[in-house]
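Student: Below you will find the structure I want to go over with you.
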2 protein chains.
Amino acid sequence: MDRFFVLRDAYGSVQAKIANNAKLQSLLKETPYESVLRVDGIVVGRGENRNKDMKTGEIEIEVEELTVLNRAAANMPMLPDAKASEKTRLKYRYIDLRSEKLQRALRLRSEFVHNIRKFLVEKSGFVDVETPTLFRRTPGGAAEFVVPAPPPNRGLAYSLPQSPQQFKQLLMVGGIDRYFQIARCYRDEGSKGDRQPEFTQVDVEMSFTTQEGVMQLIEHMILSAWPESLAHIKPKSPFPRIPYSEAMRLYGVDKPDMRVPWQIEDVQGNIFDFLKKEDDKSENWQARVLVCRGAAGNGLSNSTRNEWKRLIQMNENGQNFAICQPLKKNWFKSIDNQKIIDKFDLKKDDVLVVCWGESEGVYWTLGQLRNYVAEAAGLRSKNTVTAHWVVDFPLFSFEEGQLVSTHHPFTAPLQKDAHLLYEKDPKKLLQITGQHYDLVINGVEMGGGSIRIENSETQRHVLEVLGEPMEEMQHLLNALSHGAPPHGGFALGLDRFVALLSSEGDPLTPVRDVIAFPKTKNGKDLMSDAPTTLSEKQLERYGITLQPTSNPTPS
Amino acid sequence: MDRFFVLRDAYGSVQAKIANNAKLQSLLKETPYESVLRVDGIVVGRGENRNKDMKTGEIEIEVEELTVLNRAAANMPMLPDAKASEKTRLKYRYIDLRSEKLQRALRLRSEFVHNIRKFLVEKSGFVDVETPTLFRRTPGGAAEFVVPAPPPNRGLAYSLPQSPQQFKQLLMVGGIDRYFQIARCYRDEGSKGDRQPEFTQVDVEMSFTTQEGVMQLIEHMILSAWPESLAHIKPKSPFPRIPYSEAMRLYGVDKPDMRVPWQIEDVQGNIFDFLKKEDDKSENWQARVLVCRGAAGNGLSNSTRNEWKRLIQMNENGQNFAICQPLKKNWFKSIDNQKIIDKFDLKKDDVLVVCWGESEGVYWTLGQLRNYVAEAAGLRSKNTVTAHWVVDFPLFSFEEGQLVSTHHPFTAPLQKDAHLLYEKDPKKLLQITGQHYDLVINGVEMGGGSIRIENSETQRHVLEVLGEPMEEMQHLLNALSHGAPPHGGFALGLDRFVALLSSEGDPLTPVRDVIAFPKTKNGKDLMSDAPTTLSEKQLERYGITLQPTSNPTPS
């Protein structure tokens, strides 16, 4: 009787057949799955037995020799492409890496990165420069890992930088006028969202450029590097430019998801003015509507409605709202509800959400709802990539009563607003528009950049306004005063971008699906069990003592 | 009167002329050197005034408009390409980066790295995979920087790995059968030689290969990536293969410098047997000679002779030696010295050094002398790159009475020696040849690699023989038992290699000359003054206290 087995390597699989050879058949029988084999044989057609569901299903290998190069354990903890818990798959990452999904993701990543380099080096004259990761702490710096220094610097520490921001600016001052780096960055933010403690960004900086110059370059870079196998989801150039204020007005967020067809609508004609109570004197009072067309195709179940309510109520400001569906008409007692149906041309499977109260909360609420409802109702386009730029952000914002940089203190203001920097009134400062630009794809910020302040005195003033400790930034201020060209740049979140590509447009795919050896949310490497305790020798060398938390969690 | 100035950018410089324009001339006069200018004007020929020493000396720009984009400080701490102390140049690295030398080095580095990637990705099917730098400590691990973990893992620490060795092997197990990475690595070795705490290696690993397969790939990679501007110093393929034992026998070192034309010579015919004293019964007694042809062209001064002696006496074993020059013939009383002259065909500008005693010391002494004398006498070829492979290293060595891996514990033995691994007698273990190969260029080890042990039980046994703590390596042992293909790889020291290229063959060029922002020997960044003290907030977050050394040195 013939015996069959499947041979697999990094590029595919094929059926092998051992005909009447008792010795080889018995060797095969005692060889565990996932063992590494060498097969010598003849490729033959399978004729009528061909397998149409298999890429190589037309052929098979008639085995003449079979050698077990390395035997796998009889009881494998998991098999590639088979079901296993997330924990098991992370612990045995080297087995999971054999799965079709991870093989494809890592190879796609390699291809994309290589294409980026070719574009930057060969077509655009950029210089690939490595910058240090053992650096000094930057102001604020709470999110930076530290590396204790050995003697003779014991007692001091390096920091692992969150980005090469300072170095790229210093390179501009140093006459490397077109710099890029696929840069490893570090961020100690605990288990905040889908983030890894180390991540990678495509880091770009150029001298003698403009905001438009950088955006065009990055757009061309992305499109030029787009993998051929994903041509069907390649966005068109130019990516639309949306001012920050417009993004907030129409989508309630600064990173709108353009796969959702709806916009927040202004309510002209004062149709909802009746909602304004006597005591709503605030000039910030507003009523806005979001018409979720087609969102109630199968009616709006109570559970869905409750979920919407829950989401709306998440906003701390406690917005007022009404969920209006044409089939149930008794939304408001004080006006003729048909007027609303007519005004917004509501069909039976549409839902209108009206929200009123403090302006900021109204937009936030409808913006969140817009994404949620489209997703829940399956109305967000699948396998689509919509890319656009959000521009004209305010240079400063208020955060917990504190004036802060909306992005970072190195962003230059628009030329026309530069004089406002010296105003004492914080309100005037908030009116300054920065030369910052975000690349937003499918509702996720994929990267951002800005034209930087190149004048040392202006930079010093901005740091002062922000109350940043000057001595920490002295080297940058010095550099700007020693012949710094105008410059600007961009950083693209590579992990996130590759996750988007490999999922054909899902920006929420976990980044660990495109990282060879990721860590858990809690910063653990389950494979090697890092981090670990230190040896006495290490503690001694760095002069450190480590005080544990009372109850470290396992993973 | 016309006024002239030189405009410079990243690509060159050109003369600019301000004709009779008092306003522009006075603006120029008050603008400090190294300021950033915008010039509008007309390119004209300089006619008779052309400057043949300047690349653009045929032309100049007649300035019509001059705008100061960013004024430099009037008192610059240094100027590019001008003399300044090493300390000043590191502190103002962004100014030094404008120098012709550093501009060229960084651009050459970028070109070389890009060429490597093109070869590996486009011609050889390699996948560029990023591996983590926050990892667990490895056995020994004394040379690894540590990164204290934040809550919930406070009290534990990551380590910054010295190379992606474990990860590249795990990738082979994971079916990424051809991996490469231009990898940032970390090494805490204090101020040992010309080394940086962070450095970069071209890291390569492949499955289903052989020693010869890897060496050929790397050789092709290097030659394919060789910068066009350095074609005149490009070595020929194939690089010669030299067994370790032959390297020791002919050159006294395992990284011979082939730019030196001399070899250590065996003394046949027992001509020097008279040197063996009655009590030299040791079977390791040897006499060897090095004929330094042409080394005494101008006679051998006393000071040179003394320097040779000093060098020879540096060997702890205290070798016996004689420096023999034909012009002075009374070297040995017990034999006719003319015999020596005849035997080695000594001409008047040759020097023969004979060294006798314990074998190891004799080779070491002559090996050191070989390099020193050739360099001092100017007889080492300049602007030459000689590349070769050293192979057949012993798998194990003795170090301070301890059996250690000659390279690392993952190196596989030659197939024919594998059975010796299970011998109890250490002498037998020392006879095992490992599948390790070093790439040696101009006397410096530029990189090394090996075929790895792919069998989990063999790997466990080797770790046991070496007394390594098994629990630290459990993940690798597991991986090898879950279907690991035969594999091997290589790592090229990128900084050192680019230093060799940029100096046209000088392997001793400091690596900081090809690194954008290097640290001093003491691990300081003089520009930003890293490492620094930590904030209370940081100490608290990581639960650490740092104990300084009694007297930290400044730089």
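Student: Give the residue that is least open to solvent (accessible area, probe 1.4 Å), with candidates limited to residues of the stretch A:474-519 that are in a helix (DSSP H, G or I) and among the polar types (S, T, N, Q).
Tutor: A:502
Student: For residue A:524, all conditions in the list (1) of a type in the set (D, E, K, R); (2) in contact (Cβ under 8 Å) with a residue 40 or more places away in the chain; (3) under 21 Å from residue B:171 (Cα atoms) hold save one; what is the number of the exception?
Tutor: Of (1) of a type in the set (D, E, K, R); (2) in contact (Cβ under 8 Å) with a residue 40 or more places away in the chain; (3) under 21 Å from residue B:171 (Cα atoms), only one is false for residue A:524: (2).
Student: Evaluate the stretch B:409-417: report whether one residue or more is under 21 Å from the mean Cα position of the chain (by Cα) and free of Cβ contacts under 8 Å to residues at least 12 places away in the same chain.
Tutor: no
Student: Taking the stretch B:51-73 only, how many residues are within 14 Å of chain A (Cβ to nearest Cβ) and out of contact with any Phe, Trp or Tyr (no Cβ under 9 Å at 6 or more places or on another chain)?
Tutor: Final tally of qualifying residues: 5.
Student: I'm told residue B:517 meets every condition in (1) facing another protein chain (nearest Cβ under 9 Å); (2) over 28 Å from residue B:200 (Cβ atoms) except one. Can you identify the failing condition by its number?
Tutor: (2)
Student: Quick check on the stretch A:89-105. Is at least one of its residues without any contact (Cβ under 8 Å) to a residue 12 or more places away in the chain, under 20 Å from residue B:480 (Cα atoms), under 25 Å from the mean Cα position of the chain (by Cα) and not assigned by TED's automatic domain parsing to the domain that holds residue A:227?
Tutor: yes
Student: Kindly list the number of the only condition in (1) facing chain A (nearest Cβ under 10 Å); (2) touching a helix residue (DSSP H, G or I) at 6+ places or on another chain (Cβ under 6 Å) that fails for residue B:525.
Tutor: Every listed condition holds for residue B:525 apart from (2).
Student: Now for a separate question. Can you tell me which residue is surrounded by the most Cβ atoms within 10 Å (Cβ to Cβ) among those in the stretch A:208-258 that are polar (S, T, N, Q) and over 30 Å from residue A:175 (Cβ atoms)?
Tutor: If we take residues in the stretch A:208-258 being polar (S, T, N, Q) and over 30 Å from residue A:175 (Cβ atoms), then A:245 is surrounded by the most Cβ atoms within 10 Å (Cβ to Cβ).
Student: Could you check how many residues of the stretch A:208-253 are in contact with a strand residue (DSSP E or B) (Cβ under 8 Å, 6 or more places away or on another chain) and not in a helix (DSSP H, G or I)?
Tutor: So the count comes out to 10.
Student: Is at least one residue of the stretch A:193-201 more than 13 Å from chain B (Cβ to nearest Cβ), outside any loop (DSSP other than H, G, I, E, B) and either closer than 25 Å to residue A:110 by Cβ or among the acidic types (Asp, Glu) (or both)?
Tutor: Within the stretch A:193-201, not a single residue is more than 13 Å from chain B (Cβ to nearest Cβ), outside any loop (DSSP other than H, G, I, E, B) and either closer than 25 Å to residue A:110 by Cβ or among the acidic types (Asp, Glu) (or both).
This table checks each residue for (1) touching a strand residue (DSSP E or B) at 6+ places or on another chain (Cβ under 7 Å); (2) in a strand (DSSP E or B).
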position: B:24; (1), (2): yes, no
position: B:27; (1), (2): yes, no
position: B:33; (1), (2): no, no
position: B:37; (1), (2): yes, yes
position: B:41; (1), (2): yes, yes
position: B:48; (1), (2): no, no
position: B:57; (1), (2): no, no
position: B:64; (1), (2): yes, yes
position: B:68; (1), (2): yes, yes
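Student: For the subset of the stretch A:74-95 comprising residues that are over 21 Å from residue A:529 (Cα atoms) and out of contact with any helix residue (DSSP H, G or I) (no Cβ under 9 Å at 6 or more places or on another chain), which member is farthest from the other protein chains (Cβ to nearest Cβ)?
Tutor: So, considering only residues that are over 21 Å from residue A:529 (Cα atoms) and out of contact with any helix residue (DSSP H, G or I) (no Cβ under 9 Å at 6 or more places or on another chain), the one farthest from the other protein chains (Cβ to nearest Cβ) is A:83.
Student: Within the stretch A:183-204, can you find the residues that are out of contact with any Pro (no Cβ under 9 Å at 6 or more places or on another chain) and either closer than 15 Å to residue A:448 by Cα or without any contact (Cβ under 8 Å) to a residue 40 or more places away in the chain (or both)?
Tutor: Correct list: A:192, A:193, A:200, A:202, A:204.
Student: If we keep just the residues of the stretch B:120-134 that are open to solvent by 10 Å² or more (accessible area, probe 1.4 Å) and part of a helix (DSSP H, G or I), which is farthest from the other protein chains (Cβ to nearest Cβ)?
Tutor: Selected residue: B:123.
Student: Shifting gears a bit: Could you go through the stretch A:404-425 and let me know if any residue there is assigned to a helix (DSSP H, G or I) and of a type in the set (Lys, Arg).
Tutor: Among the residues of the stretch A:404-425, at least one is assigned to a helix (DSSP H, G or I) and of a type in the set (Lys, Arg), which makes the answer yes.
Student: Could you say whether any residue in the stretch B:452-459 is assigned to a helix (DSSP H, G or I), surrounded by fewer than 19 Cβ atoms within 10 Å (Cβ to Cβ) and in the same structural domain as residue B:109 (by TED's automatic domain parsing)?
Tutor: Yes, there is a match, as at least one residue in the stretch B:452-459 is assigned to a helix (DSSP H, G or I), surrounded by fewer than 19 Cβ atoms within 10 Å (Cβ to Cβ) and in the same structural domain as residue B:109 (by TED's automatic domain parsing).
Student: I've got another one for you. Among the residues of the stretch A:169-181, are any crowded, with 21+ Cβ neighbours inside 10 Å and more than 14 Å from chain B (Cβ to nearest Cβ)?
Tutor: No; the residues of the stretch A:169-181 include none that is crowded, with 21+ Cβ neighbours inside 10 Å and more than 14 Å from chain B (Cβ to nearest Cβ).
Student: Please verify whether the stretch A:26-36 includes one or more residues that are touching a residue at least 12 places away in the same chain (Cβ under 8 Å), small (Gly, Ala, Ser) and open to solvent by less than 50 Å² (accessible area, probe 1.4 Å).
Tutor: Yes, the stretch A:26-36 contains a residue that is touching a residue at least 12 places away in the same chain (Cβ under 8 Å), small (Gly, Ala, Ser) and open to solvent by less than 50 Å² (accessible area, probe 1.4 Å).
Student: Has the stretch B:535-553 got at least one residue that is under 30 Å from residue A:137 (Cα atoms), more than 10 Å from chain A (Cβ to nearest Cβ) and either in contact (Cβ under 8 Å) with a residue 60 or more places away in the chain or not β-branched (Val, Ile, Thr) (or both)?
Tutor: Yes - at least one qualifying residue is present in the stretch B:535-553.
Student: Test residue B:310 against the stated conditions and say whether it is open to solvent by 10 Å² or more (accessible area, probe 1.4 Å), charged (D, E, K, R) and touching a Cys at 6+ places or on another chain (Cβ under 7 Å).
Tutor: So residue B:310 does not fit the description; no.
Student: Continuing with the same structure: Starting from residues that are within 18 Å of residue B:271 (Cβ to Cβ) and exposed (fewer than 13 other Cβ atoms within 10 Å of the Cβ), keep the ones in the stretch B:313-336 and report whichever is modelled with the highest pLDDT.
Tutor: Selected residue: B:336.
Student: From the list A:479, A:491, pick out the single residue that is closer than 30 Å to residue B:98 by Cα and either within 14 Å of another protein chain (Cβ to nearest Cβ) or of a type in the set (Asp, Glu) (or both).
Tutor: Only one candidate passes the filter, namely A:479.
Student: I've got another one for you. Looking only at the stretch A:63-95, count how many residues are crowded, with 19+ Cβ neighbours inside 10 Å and not charged (D, E, K, R).
Tutor: 9
Student: Take the conditions small (Gly, Ala, Ser) and either within 14 Å of chain B (Cβ to nearest Cβ) or surrounded by 15 or more Cβ atoms within 10 Å (Cβ to Cβ) (or both) and apply them to residue A:16. Does it pass?
Tutor: yes
Student: Going by what's in this entry, would residue A:111 be described as in a helix (DSSP H, G or I), at pLDDT below 95 and over 26 Å from residue B:457 (Cβ atoms)?
Tutor: no
Student: Return the pairs, sorted by first residue and then second, in which the second residue is in a strand (DSSP E or B) and modelled with pLDDT under 90, the first residue lies in the stretch A:388-402 and is at positive phi and basic (Lys, Arg), the beta carbons are less than 9 Å apart, and the residues are 6+ apart or on different chains.
Tutor: none
Student: Could I ask something else about it? Give B:98, B:117, B:137, B:109 a once-over and let me know the one that is buried (at least 21 other Cβ atoms within 10 Å of the Cβ) and more than 7 Å from every other protein chain (Cβ to nearest Cβ).
Tutor: Result of the check over B:98, B:117, B:137, B:109: B:109.
The values are calculated or read from the model by the stated rules, or taken from the named source; none is laboratory data. As the structure is a prediction and not an experimental result, all values here were calculated from the model. All Cβ positions, even for glycine, are placed from backbone atoms using ideal geometry, and neighbour counts span all protein chains on display. Note: areas computed on protein heavy atoms with side chains; ligands, DNA, RNA excluded. Shrake-Rupley method; radii C 1.70, N 1.55, O 1.52, S 1.80 Å.
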